[in-house]
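Read through the structure below, which is laid out as structure tokens, and then see the notes.
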Amino acid sequence: KQWYQRRVAITAGGDKEALKGRVAQLIGDIKTRFPNKNICPDEEFKKLQEYIPRVLPLIKDTVLIMNQALARNDKILVEGANAAMLDVDFGTYPFVTSSNCTVGGVCTGLGIPPTKITDVIGVVKAYTTRVGAGRFPTELHCEIGQKLGDIGHEYGVTTGRRRRCGWLDLVVIRYSHMINGFTRLAITKIDILDTFEEVKICTGYELDGVLLKNFPSDHNILMRVQPVYITLKGWKTPTLNCRKFEDLPPEAKDYVKTIEDFVGVKVSWVGVGQSRDACVIIQ
């Protein structure tokens with residue numbers, strides 16, 4: 001069955017005549033490609049009119065709203081929808097999403113000038129996960145990977161698919177920093193590692209006996225690399241009640257410092273649980 005889809009836009013001005021003309025134009029375009037399709041422009045416009053009163057109050061000129069807020073020196077927090085490695089331009093193409101979810105998306109998606117971005121916070125899980133296909137050098141096909149997923153409740157929010165889990169990949173984090181220019185890091189879910197005897201961190205890739213310190217731009221090369229790990233002693237104690245960096249076990253402090261030193265960005269927050277206040281704030 002042939003299917004052809006187009007979209008119309010209900011703009012902030014709510015010009016019904018312009019919308020009616022756009023509907024007629026699109027239907028004419030469809031009939032040119034599919035002469036046997038019987039579509040009535042007036043009927044389609046009538047259907048759209050039912051939605052206009054409900055949708056129009058929700059439509060605003062967001063570029064203007066954002067820049068007016070900036071002119072007032074309001075604080076604006078923008079949250080990326082996906083991880084950096086799913087970015088359509090800089091991610092593990094073709095296993096990516098359809099948009100720019102790195103910091104550049106703030107400018108192209110919201111109309112905020114790049115000079116107005118003052119703080120770029122990299123949110124990094126204490127281990128690495130991925131949903132769906134694509135190369136994942138530190139993925140663990142063993143009980144450890146299963147344990148990370150079980151304790152961390154690693155399931156995709158939208159699809160419900162179980163996430164693939166592995167050790168923290170600092171090659172990826174440093175590459176993400178290269179693109180985004182992180183000013184600070186927030187490490188989440190470090191409590192998931194509380195019961196491990198030892199924890200590993202990937203600090204490089206090996207390809208045919210050669211050490212690669214940077215993330216490869218060629219996905220065919222990424223498919224062939226093997227992770228190079230350093231092994232740290234686990235802390236084997238709950239971190240849930242920690243609120244200051246001094247409260248963390250020494251081994252957990254070493255874990256955080258290793259991330260800081262390798263990436264070259266200060267860690268300002270460490271997540272230690274699910275509640276809003278379950279966070280170590282590092283001054």
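The values are calculated or read from the model by the stated rules, or taken from the named source; none is laboratory data. Worth saying up front: this structure is predicted, and the values here are computed from it rather than measured. For neighbour counting, all protein chains shown are included, and Cβ atoms are generated from backbone atoms with ideal geometry for every residue, glycine included. Just the protein is used for accessible areas: all its heavy atoms, side chains included, with ligands, DNA and RNA removed. Shrake-Rupley method; radii C 1.70, N 1.55, O 1.52, S 1.80 Å.
Within region 81-121, the set of residues being open to solvent by less than 50 Å² (accessible area, probe 1.4 Å), small (Gly, Ala, Ser), part of a loop (DSSP other than H, G, I, E, B) and under 15 Å from Ile179 (Cα atoms) comprises Gly91 only.
What do you reckon, is Ile173 under 19 Å from the mean Cα position of the chain (by Cα) and of a type in the set (Val, Ile, Thr)? In short, yes. For residues that are in a helix (DSSP H, G or I) and surrounded by 21 or more Cβ atoms within 10 Å (Cβ to Cβ), scanning just region 136-170, find the one that is nearest to the chain's Cα centre (by Cα). Ranking the candidates gives Leu170 first.
Filter region 55-80 down to the residues that are without any contact (Cβ under 8 Å) to a residue 24 or more places away in the chain and of a type in the set (Lys, Arg), then identify the one that is most open to solvent (accessible area, probe 1.4 Å). Result: Lys75. The strands (runs of 3 or more DSSP E) falling completely within region 186-283 include none with 3 or more residues that are acidic (Asp, Glu), open to solvent by 60 Å² or more (accessible area, probe 1.4 Å) and under 26 Å from Pro94 (Cα atoms).
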